[in-house]
């Protein structure tokens, strides 16, 4: 695989162009070309297709796409290009197993295959905005879910009464504070070695993330450090500085990407190819050993529509069959927390990703908008789903997803807002109220009736 | 070719994002057809239709951007002719738009930029990572009616407030309408910081801008 220094050579000396030229003249034509050449067609009747050939064509299309357009550095205004051979060599050499955490909480995470009969890694938690006063309890509640193996800690965006601003010293303080709270929450749950594998979601700036990674604050190289691009395939010095730092620290680096269905990549076909091609950006530029994806639709903003389920399902299958590294996906429900629709949308998304061969994470309610909207019961639901549906096939998942979509699609644009953490949990005992428990029990009963299992 | 056929062809070329075909049509007919009519009868209906198709998820951002690019290329030929003839396009208003300081997410802003253009606004794109002072400087330079500021992250939305604070500190708050939007922005936040307008979706933002401009013109 090309070294990071060789990558930086291309970041510094690649062809110069504006970001708009990259989008319009390089990226968009390359996506259209790849969709056409490999005859990728979205079929709304099969949101989770059991089609290995389609998955492999998406992989080939993604290779073509990334070889045609590479990535773009907004600081140097350079196009970072790789040959098809360099990309394939990087895929061949990238780690297929990653170790996170310490002691009894250490996790070995391997890639899976579509229709796999193994338990996916259960990742829990949320990097969504959470107030400081409840963040610690949230992490403790996540870690108390014994089926959960890795965790995201909340984004705490205030320090005292001061609101964090991206790039400001308050953000650095907030990032440090978040790592402290995160590790302390895990200790309180008796799982001090449990790996925190999201990026420091409190921090937008690279400098704040690097500051928060000091082990004195509870951070470890055996945690996972996610570095984000921005749409599509763009990176800047702030992110590249994180790569330089985390690779030299010897830490696990994750790449994350959230391509937008309806954005530069176009429809479901182009978005599926782009979602997968981010793996190449991740392996070569971010030096990622694990991958998180969260493609999302532009209108309505969520990831549970037929087009989005197709994107996540087919790109995950293509990844699992052809790359095989640790991979997981985060979904966004249109419905708010503590609603029947939230659990139905979540089940559809989880069925798609588990059967397609990747790891699971709880689906974020209410499009991840708002403060204190994620609930620990969301995480319990996803873990219980993963354990109850080991071996779920794409064919079975497809049938169930279609039934679920018939129920929730009519209200997806105007989904119920639900209730946030402070409205439906006793913050002393961290127990959900009776109303939420009833909604949860009813949803489980309904989903069991559709052929899903929960353990 | 009849004028009706010409307008239809202009519309089609624009909707297909075919810059070459559109500019050829414009060049070939600019001396024999009123350029303002070419815009109003051919190109603008095309932009409006593709804007609607985009809002209904019938086409996606690449098609919208390609149509906008074709529009820009055609306008490079039409604008000098309009000036020569002493004509001007009627515009709904002038908007400066950008993503706030430290925020590098541009898609939402780019969509809105194109929808505003489609809706008949003169739009000036300030790009991303735009400090409050730059919003103000450009708004003054273009005599803008609206400052539109996008922020996608919970840690960057506060820079939207900085724009309003800056306007207030310079006693310029009444001179510009301020619209805010972006992934994590809510009506509640817009109200809290005293923004004039907010749209949940890009298409909502155009409606809000139209309402704000109608009020401004009525005032």
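Mind listing whichever residues of region A:240-259 are within 11 Å of another protein chain (Cβ to nearest Cβ) and surrounded by 22 or more Cβ atoms within 10 Å (Cβ to Cβ)?
Listed by number, the list holds a single entry, A:259.
Residue A:219: assigned to a loop (DSSP other than H, G, I, E, B), over 16 Å from residue A:283 (Cα atoms) and either within 14 Å of chain B (Cβ to nearest Cβ) or in contact with a helix residue (DSSP H, G or I) (Cβ under 6 Å, 6 or more places away or on another chain) (or both), yes or no?
Against the criterion (assigned to a loop (DSSP other than H, G, I, E, B), over 16 Å from residue A:283 (Cα atoms) and either within 14 Å of chain B (Cβ to nearest Cβ) or in contact with a helix residue (DSSP H, G or I) (Cβ under 6 Å, 6 or more places away or on another chain) (or both)), residue A:219 qualifies.
Of all residues in region A:1-35, count the ones that are part of a loop (DSSP other than H, G, I, E, B), without any contact (Cβ under 8 Å) to a residue 60 or more places away in the chain and either closer than 14 Å to residue A:70 by Cα or within 14 Å of chain B (Cβ to nearest Cβ) (or both).
Looking only at that region, the number is 1.
Could you tell me which residue of region A:77-132 is farthest from residue A:197 (Cα to Cα), considering only residues that are within 14 Å of chain B (Cβ to nearest Cβ) and surrounded by fewer than 19 Cβ atoms within 10 Å (Cβ to Cβ)?
A:77
Can you list the strands (runs of 3 or more DSSP E) found entirely within region A:107-159 that contain at least 2 residues being more than 30 Å from residue A:174 (Cβ to Cβ)?
A:107-110
Among the candidates B:24, B:72, B:58, B:20, which residue alone is in contact with a helix residue (DSSP H, G or I) (Cβ under 9 Å, 6 or more places away or on another chain), modelled with pLDDT under 95, assigned to a helix (DSSP H, G or I) and not assigned by TED's automatic domain parsing to the domain that holds residue B:139?
The unique qualifying residue is B:72.
So that you can scan it fast, the table gives a plain yes or no per residue for (1) surrounded by fewer than 24 Cβ atoms within 10 Å (Cβ to Cβ); (2) free of Cβ contacts under 8 Å to residues at least 12 places away in the same chain; (3) farther than 27 Å from residue A:163 by Cβ:
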{"position": "A:187", "(1), (2), (3)": "yes, yes, yes"}
{"position": "A:193", "(1), (2), (3)": "yes, no, yes"}
{"position": "A:201", "(1), (2), (3)": "no, no, no"}
{"position": "A:205", "(1), (2), (3)": "yes, no, no"}
{"position": "A:209", "(1), (2), (3)": "no, no, no"}
{"position": "A:212", "(1), (2), (3)": "no, no, no"}
{"position": "A:215", "(1), (2), (3)": "yes, yes, yes"}
{"position": "A:220", "(1), (2), (3)": "yes, no, yes"}
{"position": "A:226", "(1), (2), (3)": "no, no, no"}
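Between a first residue in region B:146-158 that is on the phi > 0 side of the Ramachandran plot and more than 9 Å from chain A (Cβ to nearest Cβ) and a second residue that is surrounded by fewer than 24 Cβ atoms within 10 Å (Cβ to Cβ) and assigned to a loop (DSSP other than H, G, I, E, B), which pairs have beta carbons less than 9 Å apart while being 6 or more apart in sequence or on different chains?
Between residues of region B:146-158 that are on the phi > 0 side of the Ramachandran plot and more than 9 Å from chain A (Cβ to nearest Cβ) and residues that are surrounded by fewer than 24 Cβ atoms within 10 Å (Cβ to Cβ) and assigned to a loop (DSSP other than H, G, I, E, B), there is no close pair.
Quick check: is even one residue across region A:161-172 touching a residue at least 24 places away in the same chain (Cβ under 8 Å), within 14 Å of another protein chain (Cβ to nearest Cβ), part of a loop (DSSP other than H, G, I, E, B) and in contact with a strand residue (DSSP E or B) (Cβ under 8 Å, 6 or more places away or on another chain)?
Yes, region A:161-172 contains a residue that is touching a residue at least 24 places away in the same chain (Cβ under 8 Å), within 14 Å of another protein chain (Cβ to nearest Cβ), part of a loop (DSSP other than H, G, I, E, B) and in contact with a strand residue (DSSP E or B) (Cβ under 8 Å, 6 or more places away or on another chain).
Determine, yes or no, whether residue B:49 is away from chain A (no Cβ under 14 Å), more than 22 Å from residue B:209 (Cα to Cα), in a helix (DSSP H, G or I) and touching a residue at least 24 places away in the same chain (Cβ under 8 Å).
For residue B:49, the condition - away from chain A (no Cβ under 14 Å), more than 22 Å from residue B:209 (Cα to Cα), in a helix (DSSP H, G or I) and touching a residue at least 24 places away in the same chain (Cβ under 8 Å) - is not met.
The values are calculated or read from the model by the stated rules, or taken from the named source; none is laboratory data. Keep in mind the model is a prediction, meaning the values are calculated, not measured. Glycine gets a Cβ as well: all are built from the backbone with ideal geometry, and neighbour counts include every protein chain shown.
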